[in-house]
Amino acid sequence: MEWDAKKYNTTHDFIFKYGAGLLGLLPKEPKKVLDIGCGTGELTNQMAELGHEVTGIDQSVNMINQAKESYPDLMFLQEDILNPSDQIGLYDVAFSNAVFHWISDQDLLVKNISEHLKQNGQLICEFGAVGNVQAIREVFGRELNALGFPFVEPFCFTSVEDYRVLLEKNHFEVVEILEYERPTPLKGSESGLKEWMEQFYAVELGELSDGQKEKLLANMERDLKPKLWKEDHWEADYRRLRIRACKL
Ligand SMILES: C[S@@+](CC[C@H](N)C(=O)[O-])C[C@H]1O[C@@H](n2cnc3c(N)ncnc32)[C@H](O)[C@@H]1O
């Protein structure tokens, strides 16, 4: 899926705004930091402002181009963390916000991160936990099935237990790991849920005709309204995993 970087920065800016909470886990002294899936570079820039030497990587051309345009003095590389080039060196910290659930091969992800961390280097990350946007996914799956389409979950939402096992298997010591609910207001008032769906389930919605898509989204709004509509905005039922781990 290719990202619309301009729309990301305006409509989905809540992602890096919430992600700023992760910056408090960074070491206080300047470090060499790799921002994995840096998107439009907003958090990469905030880490640079804290004094860290940062490199942002992202597989999306649109995101990397936007990051370079916004922050021309910072280092950004178009790279897939599952297939990194030799340009990526060794870091004290691997940082990542709202990325890991997009990646299905979690073993390879953690192995590659480990290879780009110095000994005692830290992984600081946050992403979707098991049960993330559960109400939205359940209704979406049901509506897709009603139209004769299967629902194949594109996201990998993991539990504390499973991620701890994965990290320890890859020789990380888990320093802290937290699973928490983060009800998230969506921008756009009435159209907020529709716009969120169009960004995060773009591939699945792209399989439908315009008529099918319109009907499906209207049905979703009807069914989710009692639970997720909050007077003047939609509130998505996010659940997150926040992790700090040390490479042994
Ligand atoms: C929701 S955005 C988060 C961007 C940024 N971290 C932030 O907080 O604003 C997810 C980003 O992960 C990137 N991404 C997903 N899979 C990736 C991979 N295998 N390698 C590098 N980047 C990846 C996407 O291109 C996208 O820019």
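The values are calculated or read from the model by the stated rules, or taken from the named source; none is laboratory data. The model shown is predicted, which means the values in this text are computed figures rather than measured ones. Counting neighbours? That spans all protein chains shown, and the Cβs are built from the backbone with ideal geometry, glycine included. Surface accessibility is based on the protein's heavy atoms, side chains included, excluding ligands, DNA and RNA. Shrake-Rupley method; radii C 1.70, N 1.55, O 1.52, S 1.80 Å.
A count restricted to the range 19-43 and to residues that are more than 8 Å from the ligand (Cβ to nearest atom) and not in a loop (DSSP other than H, G, I, E, B) stands at 9.
If you go through the range 109-142 and keep only what is in contact with a strand residue (DSSP E or B) (Cβ under 8 Å, 6 or more places away or on another chain) and among the polar types (S, T, N, Q), you end up with 114, 119, 120, 122, 132, 134. Within the range 98-125, the set of residues being more than 9 Å from the ligand (Cβ to nearest atom), closer than 16 Å to residue 38 by Cβ and buried (at least 22 other Cβ atoms within 10 Å of the Cβ) comprises 113, 123, 124, 125.
Kindly provide the set of residues from the range 142-175 that are open to solvent by less than 40 Å² (accessible area, probe 1.4 Å) and of a type in the set (Asp, Glu), ordered by number. Walk me through it before giving the result.
Keep residues of the range 142-175 that are open to solvent by less than 40 Å² (accessible area, probe 1.4 Å), which gives 143-144, 155-160, 163, 166-167, 170, 172, 174.
If the condition is that a residue be open to solvent by less than 40 Å² (accessible area, probe 1.4 Å) and of a type in the set (Asp, Glu), then 143 is the only one that fits.
Mind checking which residues of the range 57-68 are within 8 Å of the ligand (Cβ to nearest atom) and part of a helix (DSSP H, G or I)?
Filtering the range 57-68 down to residues within 8 Å of the ligand (Cβ to nearest atom) leaves 57-60, 63.
Correct list: 63 only.
From the list 213, 187, the lone residue that is over 30 Å from residue 118 (Cα atoms), at pLDDT below 95 and not aliphatic (A, V, I, L, M) is 187. When residues in the range 69-93 are screened for being surrounded by 18 or more Cβ atoms within 10 Å (Cβ to Cβ), away from the ligand (no atom under 12 Å from the Cβ) and not in a strand (DSSP E or B), 2 of them pass.
Residue 234 - would you say it is farther than 23 Å from residue 152 by Cα, open to solvent by less than 30 Å² (accessible area, probe 1.4 Å) and more than 16 Å from the chain's Cα centre (by Cα)? Please lay out each step first, then the result.
Values: farther than 23 Å from residue 152 by Cα: yes; open to solvent by less than 30 Å² (accessible area, probe 1.4 Å): yes; more than 16 Å from the chain's Cα centre (by Cα): yes.
So residue 234 passes the test.
Against the list (1) without any contact (Cβ under 8 Å) to a residue 24 or more places away in the chain; (2) touching a strand residue (DSSP E or B) at 6+ places or on another chain (Cβ under 7 Å); (3) among the charged types (D, E, K, R), the condition residue 92 fails is (1). Of the residues making up the range 184-204, those that are open to solvent by less than 20 Å² (accessible area, probe 1.4 Å), over 16 Å from residue 4 (Cα atoms) and in contact with a helix residue (DSSP H, G or I) (Cβ under 7 Å, 6 or more places away or on another chain) number 3.
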